[in-house]
Amino acid sequence: TYKVTCVYPGDPHHDGPVDDDEDFEITKAPLTITANSTSKVYGTTVTFAGTEFTHSALVSGDSVTSVTLTSTGANAAATVPGSPYAIEATNAVGSGLSNYTITYADGVLTVTKKPVTVEVPPLPPTPYDGYPKVASCTVSETSPAATLSYLGINGTVYGPSVDAPSAAGTYKVT
């Protein structure tokens, strides 16, 4: 709150001194700071630098240089079914911010599924000997375990993960 005072000292033709004063207030301007939305792959960690935000207009010379950003989805254990997670912004740092009423708006952190690769290495032709021929596969993730099935050209299915074929024929490993 400020006070403005006007004083007329008077002169030979007018009364004086005469004064008047008035109080006035400069209110804080609204400022909204919004955390940026982002995504991550399951099993990875997000580390916020504090600059992942936007804000409404500021008066020239004022600035927001950083905010504290937190999300329960930032850790590696955050799950896809629990997604999306809020990204909360707090504690703005900058210049001139005492002239603003700051409101914070959440962003969203989305956890996406981690890609998995499955590879069945080529199997060389093997002569019939009456014993099951077992294939293998490599999976980029260990959980859940992969299963192998064999499909004979006559439509017979062997498996999953048991009873590898032993009869002569061509099989597709899936």
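The values are calculated or read from the model by the stated rules, or taken from the named source; none is laboratory data. Source: prediction; values computed, not measured. A quick note on method: Cβ atoms are made from the backbone with ideal geometry, for glycine too, and the neighbour counts reach across all protein chains shown. Each accessible area value is taken on the protein alone, full model and side chains, heavy atoms only, with ligands, DNA and RNA left out. Shrake-Rupley method; radii C 1.70, N 1.55, O 1.52, S 1.80 Å.
At most 13 other Cβ atoms within 10 Å plus a DSSP loop assignment makes a site exposed; report the longest stretch of the chain without any exposed trypsin sites (Lys or Arg not before Pro).
Here the longest segment lacking exposed loop sites spans 29-112.
Sequence-distant or interchain residues sharing an amide H contact under 5 Å with Ile87, placed H: which?
Those qualifying (amide H under 5 Å, at least 5 residues apart or on another chain) are Gly107, Val108, Leu109.
Which three numbers, in whole Å and largest first, are the semi-axes of the equivalent ellipsoid of the stretch 54-140 derived from its Cα gyration tensor as √(5λ)?
Result for the stretch 54-140: semi-axes of 58, 13, 8 Å.
Assuming R0 = 25 Å, what is the FRET efficiency of Ser60 and Val4, from their Cβ-Cβ distance, to the nearest 0.05?
Once rounded, the FRET efficiency stands at 0.55.
Go ahead and set up a Gaussian network model of the chain, Cα springs under 10 Å, then flag whichever of Ala105, Ala76, Ala135 fluctuates most.
Judging by the Gaussian network model, the answer is Ala135.
Taking the Kirkwood radius as the inverse of the mean 1/r across Cα pairs, report the Rg/Rh of the chain.
Over the Cα atoms of the chain, Rg/Rh equals 1.53.
Just to confirm a number: summing +1 for Lys and Arg and -1 for Asp and Glu over residues other than Ala89 whose beta-carbon lies under 13 angstrom from that of Ala89, what do you get? Mind dumping the intermediate values first?
Numbers: positive: none; negative: Glu52, Glu88, Asp106.
That works out to -3.
First obtain the Kirkwood hydrodynamic radius of the stretch 1-91 from its Cα pairs, then insert it into the Stokes-Einstein equation at 20 °C and 1.002 mPa s, and state the resulting D in µm² per second as a whole number.
Using the Kirkwood radius from Cα pairs, D works out to 119 µm²/s.
Just report the Cα centroid separation between the stretch 14-89 and the stretch 90-121, whole Å.
12
Which FRET efficiency, nearest 0.05, do Lys114 and Lys28 yield, Cβ-Cβ r, R0 45 Å? Numbers along the way, then the final one.
Values: r = 46 Å, r/R0 = 1.01.
Computed FRET efficiency for Lys114 and Lys28: 0.50.
With all protein chains present, how much of the accessible area of the chain (probe radius 1.4 Å) comes from carbon and sulfur, to the nearest whole percent?
Numbers: 6750 of 11900 Å².
Here it works out to 57 percent.
Considering only DSSP beta bridges where both residues belong to the chain, give the percentage that are antiparallel (nearest 5). Write out the running numbers ahead of the final one.
Working: 27 of 37 bridges.
Counting DSSP beta bridges with both partners in the chain, the antiparallel share is about 75 percent.
Grab the Cα-Cα distance for Asn91 and Thr126, subtract it from 0.36 nm times how many residues apart they are, and report the gain in nm with one decimal.
Extra length available between Asn91 and Thr126 comes to 5.8 nm.
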